[in-house]
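Undergrad: Dropping the structure in here first, questions after.
The values are calculated or read from the model by the stated rules, or taken from the named source; none is laboratory data. Note that the structure is predicted; figures quoted are calculated from it, not measured. All Cβ positions, glycine included, derive from the backbone under ideal geometry; neighbour counts span all protein chains shown. Keep in mind that these areas ignore ligands, DNA and RNA; they rest on the heavy atoms of the full protein, side chains included. Shrake-Rupley method; radii C 1.70, N 1.55, O 1.52, S 1.80 Å.
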Amino acid sequence: MAVKTPENLRDLIQLNLAERPDQTFIYWKDEEISYRELDERANRVASGMSALGVGKGGVVSVYLPNCPEFLYTWFGITKLGAVFGPVNAMFKGDEVRHVLSDSGAVVAVTSRVLLDTINAVRAGCPELRQVICIEGAAPGVMAFEELMKHPPEFEPVAIARNDLAAIVYT
């Protein structure tokens, strides 16, 4: 049987899920997260983002330090056909505002340690409708846990080879 060659990151994750669902994908602190768990968590993110109105082509900025939620969000974005907009966690003030505003980000996922920066520039980001924090809700900020309440199943949106997948600022 021939193995399908992945055409994109989403295909690569699905191929690994099919071939080794219970193999560890991430070791994080005392937790081992399998391909199956990664897929379920990414599906929850995709479903939750869809419920927020994020669709194909919508930009979701991810302003996080290294953590599993970064990956769940990234892979969830790929399932939506949305655009991954990573923001360097070292960026501050105007750099963050520029990335969010210039990319047209509609949602930003961040952490408590970076939340003040997002809140300080939010008014200069007219497309930004929702900020999500991985450590919990705050005034005007949704908890990442709300995304995790969505179903672990999600039918990926059809994407083409030339669809925009990411906007990366350097």
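Undergrad: Select from Leu17, Leu38, Gly48 the residue farthest towards the positive end of the dipole of the range 1-48; place +1 on Cβ of Lys and Arg, -1 on Cβ of Asp and Glu, and compute about the Cα centre.
TA: Gly48
Undergrad: Hey, what do the phi angles of the range 125-130 turn into as Karplus ³J(HN,Hα) couplings, whole Hz, using 6.51/-1.76/1.60 and θ = phi - 60°, x for Gly and Pro?
TA: 10, x, 7, 5, 9, 8
Undergrad: Something else now. Taking only C-alpha pairs under 8 Å that are 6+ residues apart, what is the relative contact order of the chain in percent?
TA: 24
Undergrad: How much length would be gained if the chain were fully extended between Met148 and Ala166, taking 0.36 nm per residue of separation minus their Cα-Cα distance, in nm to one decimal?
TA: The span from Met148 to Ala166 would gain 4.2 nm if fully extended.
Undergrad: Using each residue's phi in the range 144-160, evaluate 6.51 cos²θ - 1.76 cosθ + 1.60 at θ = phi - 60° and report the 3J(HN,Hα) Karplus result to the nearest Hz, with x for Gly and Pro.
TA: Values per residue, Gly and Pro as x: 4, 4, 5, 5, 5, 7, 6, x, x, 10, 7, 7, x, 6, 5, 10, 10 Hz.
Undergrad: Given H placed on each backbone N at 1.01 Å, which residues far from Val83 in sequence or on other chains put an amide H within less than 5 Å of it?
TA: Answer set, sorted by chain and number: Gly57, Gly58, Val59, Val60.
Undergrad: Might you work out the accessible area of Lys56 for me, using a 1.4 Å probe with all protein chains in place, and round it to the nearest 10 Å²?
TA: Ignoring ligands and nucleic acids, Lys56 comes out at about 110 Å².
Undergrad: Calculate how many DSSP beta bridges within the chain are antiparallel, expressed in % of all such bridges and rounded to the nearest 5. Walk me through the numbers on the way to the answer.
TA: Details: 5 of 20 bridges.
Of those bridges, close to 25 percent are antiparallel.
Undergrad: Determine the per residue accessible area of the chain with all protein chains present and a 1.4 angstrom probe, expressed in square angstrom.
TA: 52
Undergrad: Still on this structure, I have one more. Would you kindly derive the ³J(HN,Hα) couplings of the range 68-85 from the backbone phi angles with the Karplus curve 6.51 cos²θ - 1.76 cosθ + 1.60 (θ = phi - 60°), listing them in order in whole Hz, with x for Gly and Pro?
TA: Running phi through 6.51 cos²θ - 1.76 cosθ + 1.60 with θ = phi - 60° gives x, 4, 4, 5, 4, 5, 4, 6, x, 4, 5, 5, 7, x, 7, 10, 6, x Hz.
Undergrad: Turning to a different aspect of this structure: Setting aside same-chain residues fewer than 8 positions from Lys149, which lysines have a Cα under 26 Å from its Cα?
TA: Lys29, Lys56, Lys79
Undergrad: I need the shape label for the range 119-170. Rule: rounded when a/c is under 1.5, else prolate if a/b > b/c, else oblate, with a, b, c from the alpha carbon gyration tensor.
TA: Oblate, because a/c is 1.5 or more while a/b does not exceed b/c.
Undergrad: Using modelled amide H (1.01 Å from N, peptide plane; none on Pro or chain starts), what sits under 5 Å from the amide H of Leu164, excluding residues fewer than 5 places away?
TA: none
Undergrad: Suppose a student asked you for the relative contact order of the range 29-76, using Cα pairs under 8 Å spaced at least 6 residues apart; what percent would you report?
TA: Contact order relative to length: 55 percent.
Undergrad: Still on this structure: Report, in debye and to the nearest 20, how large the dipole of the chain comes out about its Cα centre when Lys and Arg carry +1 and Asp and Glu carry -1 on their Cβ.
TA: Details: 16 positive and 22 negative charges, 72 e Å.
Charge dipole of the chain: 340 debye, to the nearest 20.
Undergrad: Quick check: the angle from helix 35-51's long axis to the longest principal axis of the chain, C-alpha only, nearest 10 degrees?
TA: 50
Undergrad: Related question: For Glu127 and Asp22 in one chain, what is 0.36 nm times their gap in residues minus the Cα-Cα distance, to one decimal in nm?
TA: Net length gain for the segment: 33.9 nm.
Undergrad: Pairing the Cα long axis of helix 112-121 with the longest principal axis of the chain, what angle in degrees results, from 0 to 90 and rounded to the nearest 10?
TA: 50
Undergrad: Among DSSP beta bridges lying fully in the range 21-95, give the percent that are antiparallel, nearest 5.
TA: 50
Undergrad: Let me ask something else about it. With everything on Cα atoms, drop me the angle between helix 9-19 and the longest principal axis of the chain, reported from 0 to 90° to the nearest 10.
TA: The helix 9-19 is inclined about 40 degrees to the chain.
Undergrad: Here's a follow-up. State the answer as a single residue: which of Ala108, Asn162, Pro139 lies farthest towards the positive end of the charge dipole of the chain, with beta carbon charges of +1 for Lys and Arg and -1 for Asp and Glu, about the Cα centre.
TA: Asn162
Undergrad: Output the relative contact order of the range 1-102, whole-number percent, from Cα pairs under 8 angstrom with separation of 6+ residues.
TA: That works out to 23 percent.
Undergrad: Here's a follow-up. Quick one: pull the percent of accessible area on the chain belonging to carbon and sulfur, 1.4 Å probe, ligands and nucleic acids left out.
TA: Answer for the chain: carbon and sulfur cover 52 percent of the accessible area.
Undergrad: Looking at (1) 2.62; (2) 1.02; (3) 2.68, which value of Cα Rg over 2.2 N^0.38 Å comes from a calculation on the structure shown?
TA: The value computed from this structure is option (2).
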